[in-house]
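Student: Got a structure here, written out as structure tokens. Questions coming.
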Amino acid sequence: MERNLKNVLVISFGFLFLFTAYGGLQSLQSSLNSEEGLGVASLSVLYAALILSSMFLPPILIKKLGCKWTIAISMCCYIAFSLGNFYASWYTLIPTSVILGLGGAPLWSAKCTYLTIAGTSYAEKAGKNAKDIINQYFGVFFLVFQSSGIWGNLISSLIFSQSSTKVETSEKDLACCGAYNCLTDTTNTTESAKPSNSLIYTLLGVYTASGVLAVLLIIIFLDQIKSDQAETEKEKLETPSFWSTFLATFQHLKDKRQCLLIPLTMYSGFEQGFLSGDYTKAYVTCALGIQYVGYVMICFAAVNSLCSLLFGKISQFTGRKLLFALATVTNTACIIALLLWKPNAKQLAVFFVFPALWGLSDAIWQTQTNGLYGILFEKHKEAAFANYRLWESLGFVIAFGYSTKLQVYIKLYILLSVLVLSMVSYGAVECLEAKSARGAPTALKKENGGPLTQETHM
């Protein structure tokens with residue numbers, strides 16, 4: 001096997017093992033650690049730490065440690081979060097959430113840097129186009145990585161389904177499920193359906209082992225980048241300094257289009273936060289039990305993955321406006337239906353319809369918003385994508401932050417309001433682009449070129 005491709009596969013399977021654990025844990029936080037909202041509070045803190053990490057750490061760590069060891073050490077930050085869940089309390093989960101958040105940005109930056117250098121290196125040797133090889137490597141990575149959402153949730157559902165205490169949800173308890181959930185009673189309902197400690201420890205043991213396997217895979221099998229390639233990349237990272245990069249992120253807000261895209265970018269965090277933090281707890285765990293959370297999130301991950309690939313390919317024919325319209329209609333219909341629907345265990349299929357439709361919409365939000373940033377801010381991509389991660393992460397922080405303070409129906413109204421605002425501001429961006437295109441009609445012809453891969457947050 002060609003050496004660079006071997007390294008790509010090592011990174012891909014390393015991320016697969018790591019995010020099999022993290023993805024499964026994230027989906028369970030609101031249900032597994034529901035006491036005083038500890039689970040969602042930890043996720044809020046995690047994404048706040050990720051915001052700070054994105055601004056400062058990646059250039060420094062990659063420069064000092066190189067890509068291989070940045071990836072390995074950052075992965076250890078994720079393992080710390082798994083260990084913190086063994087004895088979940090404010091004194092263990094919050095600090096480990098901060099550690100994970102700080103490790104998140106360097107991990108993804110080092111991965112992108114490594115794949116880019118590997119692709120460029122092979123292209124030079126083979127006399128091929130570097131962009132083509134890099135796209136192929138990223139395609140291989142996401143093909144392997146995207147399945148982590150399926151495996152992590154499948155493991156949790158299979159383990160929790162072994163629980164001998166199958167609790168039938170009473171009509172009184174069902175009244176506290178759904179949009180008009182009882183903030184004081186849902187914790188009790190969730191607690192009654194909570195698996196035994198032995199099953200929880202078994203799950204956390206499997207997740208921790210998966211994370212350790214990821215680190216060992218990187219340390220043992222991933223090659224160091226050659227010194228001349230690494231130095232070249234370090235020079236890119238050194239210029240500009242992280243302070244000027246930090247300032248450039250906020251200076252980019254002088255661009256009117258960037259300001260108008262803030263609601264759309266934050267909505268991405270809001271809608272993902274609602275599904276993993278509120279839908280899983282107030283609908284699935286409350287009415288069916290925690291053992292179904294994994295199956296429901298598998299449905300979301302599978303549809304999301306397939307639709308990301310599909311919409312990336314057809315966007316060049318449909319254009320982004322039509323796809324954004326489809327996502328808006330689908331999400332709006334889901335929000336209205338969730339406001340009206342009373343969860344009932346007899347309507348099992350309905351619990352899977354919502355995450356499937358949510359996965360379809362999320363695939364559009366991720367691929368098309370990423371693509372939109374790349375097209376609009378082609379000359380300032382670094383500052384633009386720093387803003388993307390900043391505002392999306394802020395959406396996560398807010399969504400998880402108010403998760404335990406408000407009833408679900410209020411959060412659904414907030415979600416709908418942000419969605420409407422997002423589409424109004426996005427429409428304004430398209431109008432600005434249309435005006436500028438009149439002066440340069442060929443500039444806008446590069447609508448949505450080529451397939452886009454969806455990068456998982458974190």
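The values are calculated or read from the model by the stated rules, or taken from the named source; none is laboratory data. These numbers were taken from a predicted model, which means no experiment stands behind them. In this analysis, Cβ positions are derived from the backbone assuming ideal geometry, glycine residues included, and neighbour counts consider all displayed protein chains. Accessible surface areas use protein heavy atoms only, side chains included; no ligands, DNA or RNA. Shrake-Rupley method; radii C 1.70, N 1.55, O 1.52, S 1.80 Å.
Student: Any chance the stretch 384-402 includes a residue that's outside any helix (DSSP H, G or I), closer than 22 Å to residue 46 by Cα and out of contact with any Asp or Glu (no Cβ under 6 Å at 6 or more places or on another chain)?
Tutor: Yes, some residue in the stretch 384-402 is outside any helix (DSSP H, G or I), closer than 22 Å to residue 46 by Cα and out of contact with any Asp or Glu (no Cβ under 6 Å at 6 or more places or on another chain).
Student: May I ask you to verify whether residue 332 is polar (S, T, N, Q), touching a Ser or Thr at 6+ places or on another chain (Cβ under 6 Å) and either touching a residue at least 24 places away in the same chain (Cβ under 8 Å) or within 29 Å of residue 251 (Cβ to Cβ) (or both)?
Tutor: no
Student: Can you tell me how many residues in the stretch 319-349 are small (Gly, Ala, Ser) and part of a loop (DSSP other than H, G, I, E, B)?
Tutor: The number of residues fulfilling the criteria is 2.
Student: Give just the number: which of (1) crowded, with 20+ Cβ neighbours inside 10 Å; (2) part of a loop (DSSP other than H, G, I, E, B) does residue 297 not satisfy?
Tutor: Of (1) crowded, with 20+ Cβ neighbours inside 10 Å; (2) part of a loop (DSSP other than H, G, I, E, B), only one is false for residue 297: (2).
Student: Related question: Would you mind finding the one in 163, 109 that is small (Gly, Ala, Ser) and either assigned to a loop (DSSP other than H, G, I, E, B) or open to solvent by 50 Å² or more (accessible area, probe 1.4 Å) (or both)?
Tutor: 163
Student: When you look at residue 81, is it under 20 Å from residue 397 (Cα atoms) and surrounded by 24 or more Cβ atoms within 10 Å (Cβ to Cβ), yes or no?
Tutor: So residue 81 passes the test.
Student: Further, regarding this structure: Is one or more of the residues making up the stretch 1-15 open to solvent by 20 Å² or more (accessible area, probe 1.4 Å) and outside any helix (DSSP H, G or I)?
Tutor: Within the stretch 1-15, one or more residues are open to solvent by 20 Å² or more (accessible area, probe 1.4 Å) and outside any helix (DSSP H, G or I).
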